[in-house]
2 protein chains.
Amino acid sequence: MFESAEIGHSIDKETFEAEVPALREALLDAQYDLKQQARFPVIVLINGIEGAGKGETVKLLNEWMDPRLIEVRTFDQQTDEELARPPAWRYWRALPPKGRMGVFFGNWYSQMLEGRVHGQFKNAVLDQAIAGAERLEQMLCDEGAVIIKFWFHLSKKQMKARLKALKSDPLHNWRISPLDWQQSQTYDRFVRFGERVLRRTGRDYAPWHVIEGVDPHYRSLAVGRILLESMQAALGNSPRKHQGNVPPLGRSIDQKSLLGALDMTLRLDKRDYEEQLVTEQARLAGLLRNKRMRHHALVAVFEGNDAAGKGGAIRRVAAALDPRQYSIVPIAAPTEEARAQPYLWRFWRHIPARGKFTIFDRSWYGRVLVERVEGFCSPADWMRAYGEINDFEEQLRNAGVVVVKFWLAIDPQTQLERFQEREQIPFKRYKITEEDWRNRDKWDVYSEAVGDMVDRTSTEIAPWTLVEANDKRWARVKVLRTINQALEAAFAKHKH
Amino acid sequence: MFESAEIGHSIDKETFEAEVPALREALLDAQYDLKQQARFPVIVLINGIEGAGKGETVKLLNEWMDPRLIEVRTFDQQTDEELARPPAWRYWRALPPKGRMGVFFGNWYSQMLEGRVHGQFKNAVLDQAIAGAERLEQMLCDEGAVIIKFWFHLSKKQMKARLKALKSDPLHNWRISPLDWQQSQTYDRFVRFGERVLRRTGRDYAPWHVIEGVDPHYRSLAVGRILLESMQAALGNSPRKHQGNVPPLGRSIDQKSLLGALDMTLRLDKRDYEEQLVTEQARLAGLLRNKRMRHHALVAVFEGNDAAGKGGAIRRVAAALDPRQYSIVPIAAPTEEARAQPYLWRFWRHIPARGKFTIFDRSWYGRVLVERVEGFCSPADWMRAYGEINDFEEQLRNAGVVVVKFWLAIDPQTQLERFQEREQIPFKRYKITEEDWRNRDKWDVYSEAVGDMVDRTSTEIAPWTLVEANDKRWARVKVLRTINQALEAAFAKHKH
């Protein structure tokens, strides 16, 4: 969930300074429209890692926009008045009225996370707090509010560097946080429970936006843009969220993306490949025969660019296995039977029983890839799919199913070569269609959908593995090794 | 929440037999329309007390309707196949496709309730299961499904009689239930946790219908009617719930109602009244000075028919108290400031701090009373208000606030006399307006709204007290005594 926010997003000073004036003007316009229409309030939630620029960003927003129409509320320690009343009272009294914007700096999420990180309660109580937050936000959205949720992220290394820098800065050493961020464990726990919170509360009507906090230019521009687009979408549309008015996800504003950050030159020579392949295949066969497998099932999801080598990778996985133990489920367009059911129905049908292994050749992610890009479903439908998928995979994981997910990535040039090769070779010609050529034209839109997908569904319980697949050998070995590592990790966990 | 289902609803045989043919025909028509349109599935959930006629009703529905278009699924013990997969798999495989109806007899709610009643887990885990059910149902409704949830209720006494009768019936002694209903404690716990489940999961898009299970004619007709109206509403409207297509609540089909069941002849003579009034006032003053009050606050809500005597009752409550300790909040139409905020905002403002007492003269229930009846808000808005209000009151209760709610009921004749009296007496004339006379014409609609309100918001944490107020003396003493009992119960609980 935080992968995209650890790839070193940055915007250079010139670009930043060139972009800011227009952004500021548009933000001011949006503010005045908001005031004019007075149809709904905007609630901005600021959360995330210490030192990731939360405070600076809020300060900047106040400079950029008309501060008379923004109210920034910091929720630190509860006051006496607040302590004497139900916990939500402090938020209710600070709600911005229709036409205004409220920035909640420290809010219901910070409170529940602090409690959980400090070990004051366990996951069941955290989940109660999450359900309470969901009810609150759903009510606010039903009442017309636009909720924009930012999570400022830093990698652990970045955070440590940042805290060090801040320490020596007299302007910043007033910071007090109830969590001791100097402790390595605090970061780990905060990120782990933070992911749980984001996974559960990222809803179509109030999605999260994860912002990499290292570069001030990047984070300021990213936040400003998302704020602007969300406000514009709501101002231009009907007042009710549920009528298809889905807030926009942010676009990449520098040239960096998760897929772009892959090292596409990675490769294996033939000899290493053959040796490693046999090793990993034997390891997988052994793991699936292991008696611990009785407590688990295995699901492997294969997605990727056309001609990225999904089929070949799947064959190498299956090669060493007993056919009674695994099955391969190819996913194409839904049948009439499947269309008469909720979207996830046809995948639930194929969930493996304990001890079994199911390989999905394409999967439920079609909803947020092809269906999104081709417009086969409404934005509201694919927006809510992220949450539904996380919920689905969490249920799998809770039942002992190990879920591994692969995106096989190739670059456009490699794809072109493979397409051309397929057209040359008679027995491969069936593999290439007009549609494949058409999809190539949508390379960028697909890449954006892949980025959003990974950002919103790569979770601790079911992480995505991006596979550099320009070299098929590298890809196949990486896939097998990832599956083996996931199984071993699950077995080890179960043992304790 | 179950009050309306303990008042002895019944339908005589002749009425029943006269009504059934038309109902059956309409149900069959709806079934064929459903099949024809094939736009959505209908999912019927059957839950409730053992012996309340769940099985008989399902059997009857199958007789009344075309069984080829209904699939009844019983979820008892999990099969081996089910046990090897995530718990929800059994429901997914049984989902009816678009155009069909599925009756889920035993379902996610029965499973979570059994676990909780057996003490396998505590409320936090029950709440996780509730949140899971909410996510599942929200997803199903987002996908277009119509979910109709029935809770069959019996009072404890009725249940015991019914179990005894069933025991000697050879047709019924095959019943197996994982809960031992012969145990008095089982009933109490089932009802208590059942109420928690209903309170949390009664949503505008999938409300609960509580059915009194004693009389077979009544329960069959009630269920048939609700089924029919829900299907007709969905068939005639747009396919998406959120676009204002709110499933109808059931109407009373016999002449019985909670308000009608009140004994309106209850009265106190002057001497008893004066004695008891002074006693209860002194008791209240003492309780509010008690040091345990430091851990609590008190909220009293007064609703009732026009001229039912709310003002007089409130004055008698306030009479003996220190004005620094209580405040009276009269609720009229919302101001412009309040209209710029979510509905509950203006009530949150007046939540008393610990140690304090707030009297609401009319309240947040305006949403489901006057706003509903007069059409000041959309059906979707007042339908979701029940859940929002329960959530609000639960937060109050969790913070130590004792919530007592009064509906002061008078009959139409008494109201007429009081109106006329008010018009005669100069200093009372300001109390009577044109609007009061207009409201009289809507007596039945208001009564229905009151019934729904009590059914959906009278909870263990904040029960409604219906006050027979034809006699003002009786009403005032009952109000004071109820407040005192609620405070004493809270203090006693806190002590342990």
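The values are calculated or read from the model by the stated rules, or taken from the named source; none is laboratory data. Keep in mind that this is a model prediction, so the values were computed, not measured. Methodologically, a virtual Cβ is constructed for each residue, glycine included, from the backbone with ideal geometry; neighbour enumeration extends over all protein chains shown.
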Test: residue in the stretch B:402-412 that is farther than 21 Å from B:ARG267 by Cα, more than 14 Å from chain A (Cβ to nearest Cβ) and assigned to a helix (DSSP H, G or I): no
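Closer than 30 Å to B:GLN138 by Cα, part of a helix (DSSP H, G or I), out of contact with any Asp or Glu (no Cβ under 7 Å at 6 or more places or on another chain) and basic (Lys, Arg): which single residue out of A:ARG418, A:ARG440, A:ARG397, A:ARG422 fits that description?
A:ARG397
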From A:LEU45, A:LEU60, residue being in contact with a Ser or Thr (Cβ under 7 Å, 6 or more places away or on another chain) and under 30 Å from A:ASP180 (Cα atoms): A:LEU60
Unmet criterion (only one of (1) touching a residue at least 12 places away in the same chain (Cβ under 8 Å); (2) in contact with a Phe, Trp or Tyr (Cβ under 8 Å, 6 or more places away or on another chain); (3) within 13 Å of chain A (Cβ to nearest Cβ)) for B:ALA38: (2)
Filtered residue count, the stretch B:53-78, keeping only those that are over 30 Å from B:MET159 (Cα atoms) and either touching a residue at least 24 places away in the same chain (Cβ under 8 Å) or assigned to a loop (DSSP other than H, G, I, E, B) (or both): 2
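Yes or no, residue by residue, for (1) touching a Phe, Trp or Tyr at 6+ places or on another chain (Cβ under 7 Å); (2) within 14 Å of chain A (Cβ to nearest Cβ); (3) closer than 17 Å to A:PRO86 by Cβ:
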| residue | (1), (2), (3) |
| --- | --- |
| B:LEU344 | yes, yes, yes |
| B:PHE357 | yes, yes, yes |
| B:TRP382 | no, yes, no |
| B:ARG422 | no, no, no |
| B:PHE427 | no, no, no |
| B:TYR430 | no, no, no |
| B:ASP436 | yes, no, no |
| B:LYS442 | no, no, no |
Qualifying residue in the stretch B:470-486 (condition: modelled with pLDDT under 95, at negative phi and either under 26 Å from the mean Cα position of the chain (by Cα) or not assigned by the TED database to the domain that holds B:GLY309 (or both)): no
The stretch A:364-380 residues that are within 21 Å of A:PHE302 (Cα to Cα), paired with ones that are part of a helix (DSSP H, G or I) and polar (S, T, N, Q) (beta carbon under 7 Å, 6 or more apart): none
Only listed residue being hydrophobic (A, V, I, L, M, F, W, C) and surrounded by fewer than 16 Cβ atoms within 10 Å (Cβ to Cβ), chosen from B:ILE359, B:ILE425, B:ILE351, B:ILE410: B:ILE425
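I'm trying to understand the selection: among the residues of the stretch B:453-479, which are acidic (Asp, Glu) and surrounded by fewer than 21 Cβ atoms within 10 Å (Cβ to Cβ)? It would help to see each step written out before you state the result.
Going residue by residue through the stretch B:453-479, those that are acidic (Asp, Glu) are B:455, B:460, B:468, B:471.
Selection gives B:GLU460, B:GLU468, B:ASP471.
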The one condition in (1) in a loop (DSSP other than H, G, I, E, B); (2) more than 25 Å from A:LEU396 (Cα to Cα); (3) within 14 Å of chain A (Cβ to nearest Cβ) that B:PRO96 fails to fulfil: (2)
Test: B:PRO334 is out of contact with any Lys or Arg (no Cβ under 9 Å at 6 or more places or on another chain), free of Cβ contacts under 8 Å to residues at least 24 places away in the same chain and either surrounded by 18 or more Cβ atoms within 10 Å (Cβ to Cβ) or not basic (Lys, Arg) (or both): no
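Among B:GLU460, B:GLU468, B:GLU434, B:GLU423, which is the only one that is within 19 Å of B:ASP272 (Cα to Cα) and of a type outside the set (Phe, Trp, Tyr)?
Working: B:GLU460 fails: within 19 Å of B:ASP272 (Cα to Cα); B:GLU434 fails: within 19 Å of B:ASP272 (Cα to Cα); B:GLU423 fails: within 19 Å of B:ASP272 (Cα to Cα).
Sole residue among the options that is within 19 Å of B:ASP272 (Cα to Cα) and of a type outside the set (Phe, Trp, Tyr): B:GLU468.
When the stretch A:457-476 is examined, which residues are found to be outside any loop (DSSP other than H, G, I, E, B), farther than 23 Å from A:ILE389 by Cβ and not hydrophobic (A, V, I, L, M, F, W, C)?
Start the filter on the stretch A:457-476 by keeping residues that are outside any loop (DSSP other than H, G, I, E, B), which leaves A:457, A:464-468, A:472-476.
Imposing the further condition that a residue be farther than 23 Å from A:ILE389 by Cβ reduces the set to A:468, A:472-476.
Hits for the stretch A:457-476 are A:GLU468, A:LYS472, A:ARG473, A:ARG476.
Inside the stretch A:371-383, can you point out the residues that are closer than 14 Å to A:ALA333 by Cα and surrounded by fewer than 19 Cβ atoms within 10 Å (Cβ to Cβ)? Show your work before the answer.
Restricting attention to the stretch A:371-383, the residues satisfying the condition of being closer than 14 Å to A:ALA333 by Cα are A:371-372, A:374-377.
Across the stretch A:371-383, the qualifying residues are A:GLU374, A:GLY375, A:PHE376, A:CYS377.
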Test: residue in the stretch A:116-124 that is assigned by the TED database to the domain that holds A:ASP204, surrounded by fewer than 19 Cβ atoms within 10 Å (Cβ to Cβ), touching an Asp or Glu at 6+ places or on another chain (Cβ under 8 Å) and over 26 Å from B:LEU126 (Cβ atoms): no
Which numbered condition A:ARG429 fails, given (1) in contact (Cβ under 8 Å) with a residue 24 or more places away in the chain; (2) more than 25 Å from A:ARG367 (Cα to Cα): (1)
Enumeration of residues in the stretch A:89-139 that are hydrophobic (A, V, I, L, M, F, W, C) and closer than 30 Å to A:GLN37 by Cβ: A:TRP89, A:TRP92, A:ALA94, A:LEU95, A:MET101, A:VAL103, A:PHE104, A:PHE105, A:TRP108, A:ALA133, A:LEU136, A:MET139
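Here are some residues: B:ARG354, B:ARG346. Which one is within 21 Å of B:ALA486 (Cβ to Cβ), of a type in the set (D, E, K, R) and in the same structural domain as B:ALA318 (by the TED database)? Show your work before the answer.
On the way: B:ARG346 fails: within 21 Å of B:ALA486 (Cβ to Cβ).
One residue alone meets the criteria, B:ARG354.
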Residue count for the stretch B:315-342, restricted to those that are away from every other protein chain (no Cβ under 14 Å) and within 26 Å of the chain's Cα centre (by Cα): 5
Any chance A:GLY309 is buried (at least 21 other Cβ atoms within 10 Å of the Cβ) and either without any contact (Cβ under 8 Å) to a residue 12 or more places away in the chain or away from every other protein chain (no Cβ under 14 Å) (or both): yes
Some residue of the stretch A:223-243 being assigned to a helix (DSSP H, G or I), at pLDDT 95 or above and surrounded by fewer than 20 Cβ atoms within 10 Å (Cβ to Cβ): no
Residue within the stretch B:67-84 that is at positive phi, more than 9 Å from chain A (Cβ to nearest Cβ) and surrounded by fewer than 20 Cβ atoms within 10 Å (Cβ to Cβ) present: no
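Count, please, the residues in the stretch A:1-52 that happen to be of a type in the set (Gly, Ala, Ser), in a loop (DSSP other than H, G, I, E, B) and touching a strand residue (DSSP E or B) at 6+ places or on another chain (Cβ under 6 Å).
Of the residues in that region, 1 qualify.
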Residue that is farthest from B:ILE7 (Cα to Cα), among those in the stretch B:99-154 that are of a type in the set (Asp, Glu), in contact with a Lys or Arg (Cβ under 8 Å, 6 or more places away or on another chain) and at the interface with chain A (Cβ under 9 Å from one of its Cβ atoms): B:ASP142
Some residue of the stretch B:142-156 being at pLDDT below 90 and over 23 Å from the mean Cα position of the chain (by Cα): no
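Kindly evaluate A:PHE376 against the criterion of being assigned to a loop (DSSP other than H, G, I, E, B) and hydrophobic (A, V, I, L, M, F, W, C). First the steps, then the outcome.
On the way: assigned to a loop (DSSP other than H, G, I, E, B): yes; hydrophobic (A, V, I, L, M, F, W, C): yes.
Yes.
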